Amino acid sequence: MANTLLSDIAAVPLGYSICKFRGKKYGVTKSVHNLGKSVKIYAEELGGEDFISLNFYQTDRSDILKPCEMPEEKVLQFCLLYTSDAADEEDSV
């Protein structure tokens, strides 16, 4: 799971982007800290109330996923299904 999750998280662009998740648009912010060993992703449904928030840490012993106030399964699904919505991004600016 860790290698797949790591590649899924790496696929989310750094900074701000727009994506679709479960048929809805989300504004996504990804920031990297601690020389790339810590990643924070926060996504907010545009025009809605849903959000996804997670921290991911790479340590010498293991990779650690820390969802913020939500089930781990929701975070895993978001990372797995993340797809850029670049074509619609220009329309929303």
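The values are calculated or read from the model by the stated rules, or taken from the named source; none is laboratory data. In this text the structure is predicted, and so the values were computed from the model without any measurement. Cβ coordinates were reconstructed from backbone atoms using ideal geometry, including for glycine residues, and neighbour counts include every protein chain displayed. Side chains included, ligands, DNA and RNA excluded: accessible areas come from the protein's heavy atoms. Shrake-Rupley method; radii C 1.70, N 1.55, O 1.52, S 1.80 Å.
Computed quantities for the displayed model
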| read-out | value |
| --- | --- |
| Test: residue in the range 37-44 that is among the small types (Gly, Ala, Ser) and under 11 Å from the mean Cα position of the chain (by Cα) | yes |
| The range 1-18: number of residues that are farther than 17 Å from residue 52 by Cα and either open to solvent by 70 Å² or more (accessible area, probe 1.4 Å) or free of Cβ contacts under 8 Å to residues at least 24 places away in the same chain (or both) | 4 |
| Search result, residues across the range 19-72 that are among the small types (Gly, Ala, Ser), loosely packed, with under 14 Cβ neighbours inside 10 Å and closer than 16 Å to residue 9 by Cα | 31, 36, 62 |
